[in-house]
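The values are calculated or read from the model by the stated rules, or taken from the named source; none is laboratory data. The model shown is predicted, which means the values in this text are computed figures rather than measured ones. Heads up, the Cβs are rebuilt from the backbone with ideal geometry, glycines too, and the neighbour counts pull from every protein chain shown. Accessible surface is based on the protein model in full, side chains and every heavy atom, while ligands, DNA and RNA are left aside. Shrake-Rupley method; radii C 1.70, N 1.55, O 1.52, S 1.80 Å.
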Amino acid sequence: MATIYVTWGISALAVLGVIVRPFGWPEAVWAVAGALALLALGQIGPLDAWAGVAKGFDVYLFLIGMMLLSELARREGLFDWLAALATQKAKGSPIRLFVLIYGVGILVTAFLSNDATAVVLTPAVYAATKAAKLKNPMPYLLICAFIANAASFVLPISNPANLVIFGGGTMPPLSKWLATFALPSLVAIIATFAMLYWSQRREILTETLERQIDAPALSHSARLAGYGLLFTAIILIVASAMGVDLGWPTFLAGVLTTVLVLALTRQSPVETVKGMSWSVLPLVGGLFVLVEALDKTGLTGMLAQELSRQAQANGATAAMGAGLLVGFMSNLVNNLPAGLVAGATVQAAHVSDTVSAAVLIGVDLGPNLSVTGSLATILWLSALRREGLSIGTFAFLKIGAVVMIPALVLSLLALILTAA
């Protein structure tokens, strides 16, 4: 029992470090430090630690591919062109710009995943706010963080966590997915928009938007980078329909696009590679090791027994309770490890599709409460730092409480109504 408490304690401290970032050190430092501490104290063996790291292999490939595409598009000026176009379409209205960015965020999240929204859309939105000469870009940048999670269960490919929850060959066909999640997704998207706009309305309504925006010329290399993003979206949809892991297709699409663009422009790949947020990979690896160590303590088995008992007592109550619990827990431990534990728990408990769907909604939507609730939000935070911007943990939490809680409750109610 003492061994279990040591593992739980170290894991909790590591996750706390990821959330609070003491001394301003990157999130990855704390995740890796926790994994190394567990290894050094014998709480997890080298083979088990490596098994944990290896479980994230598909995620690593996916992230590298997306980061390549994002950095390439940024360097070639695609984001500047899109930003000018979006600002022109806004026609001087800050509200119209807010709605336009939100709509684009839904599409990017649904067809390229929530991580892509954080990595790809955030630089474009920041460029748009610069082009519009806005005094405060944060209300528009917050869209990227919140819609990345709110729209992440529109399709199976919208969030890699979806594949974890419905792993082991139990992924429902697309028709059944849409029948289950269409209404909850719509509710989550609308509720998130309403509450986010309400929380930011004063900043938005007091802004003045530049009307005369000169759109830069779209170079051949920027156009090619854009085609690479569209090609990647098509590949992800096809791969998901075929039940293929998303890592390799995304990685290969990113590498192929990068090679073609750099060959066309005769540039060295050094600057593109240097511009990527590589620290996210050890962060993910460290979290996977923490989850592997927690699983060895029997945590999954205990949770599965309790979930199964609750589901047998009352399915609707179990679905609502599980969704809310997982939603809030995702903010305490990040939704990546929470998703891994929840996925294993759901599969071990053999609960109904409604309970499984409620857990998925909690994993996907719940992280909108905190700035480190999901990997997508951490990637968004990293994108902000590259532009010299930041938002405090508690400042985000105040907005997240207003936005996430109503959206999660209403989405879960919509799910239960759909299943009734």
Net charge around Ser152, counting only other residues with Cβ within less than 10 Å of its Cβ (Lys, Arg = +1; Asp, Glu = -1)? -2
Relative contact order of the chain, defined on C-alpha pairs under 8 angstrom at six or more residues apart (%): 25 percent
Would you compute, for the Cα atoms of region 1-134, the largest minus smallest coordinate along each principal axis and list the three values in descending order, in whole Å? 63, 27, 24
Counting only protein heavy atoms and rolling a 1.4 Å probe, one gets per residue an accessible area for region 361-403 in Å² of 29 Å²
Return the ratio Rg/(2.2 N^0.38 Å) for region 108-152, where Rg is computed over Cα atoms only. 1.13
On a C-alpha basis, how far is the centre of region 248-294 from the centre of region 56-133 in Å? Whole number, if you could? 18 Å
All other residues with a Cβ under 12 Å from the Cβ of Asp295 taken together, and with Lys, Arg as +1 and Asp, Glu as -1, what is their net charge? 0
Given the peptides 96-102, 355-361, arrange them by the average over their residues of other C-beta atoms within 10 Å, most packed first. 355-361, 96-102
Go through Lys55/Lys130; Lys89/Lys274; Lys55/Lys274; Lys133/Lys274 and tell me which ones have a Cα-Cα distance over 31 Å in this structure. Lys55/Lys130; Lys89/Lys274
If you average 1/r across every pair of different Cα atoms in region 94-240 and take the reciprocal, what Kirkwood value do you get, in Å? 16.6 Å
Just need the Rg to Rh number for region 320-420, please, alpha carbons only, Kirkwood Rh. 1.03
Ranked highest first by average number of other Cβ atoms within 10 Å, how do 317-326, 118-127, 7-16, 147-156 line up? 147-156, 118-127, 317-326, 7-16
Modelling each spin label as a point 7 Å along the Cα-to-Cβ direction, I'd like the Gln312/Thr418 distance in nm, to one decimal. 2.8 nm
Assuming 0.890 mPa s and 25 °C, estimate D for the chain with Stokes-Einstein, Rh taken as the Kirkwood radius over Cα pairs, in µm²/s. 113 µm²/s
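Within the accessible area of the chain, what % is carbon and sulfur when the probe is 1.4 Å and the other protein chains stay in place?
Its accessible area is 69 percent carbon and sulfur atoms.
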Straight-line reach from Lys91: which aspartates and glutamates have a Cα under 19 Å away, not including same-chain ones fewer than 8 places off? Asp80, Glu203, Glu207, Glu210, Asp214
In Å², and per residue, what accessible area does region 1-112 have when probed at 1.4 Å with the other protein chains present? 46 Å²
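What does the net charge come to around Val120 if you take all other residues with beta carbon closer than 12 Å to its beta carbon, with K and R at +1 and D and E at -1?
Spelling it out: positives minus negatives among the neighbours equals -1.
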Region 194-275, accessible area per residue, ligands and nucleic acids excluded (1.4 Å, Å²): 61 Å²
Per DSSP H run of at least 4 residues, take -39500 (n - 2.57); add these up for the chain, divide by its residues and hand me the 222 nm value, nearest 500 deg cm²/dmol. -25000 deg cm²/dmol
Please state, rounded to one decimal and in Å, the Kirkwood hydrodynamic radius that region 62-117 gives when every pair of distinct Cα atoms enters the mean of 1/r. 12.3 Å
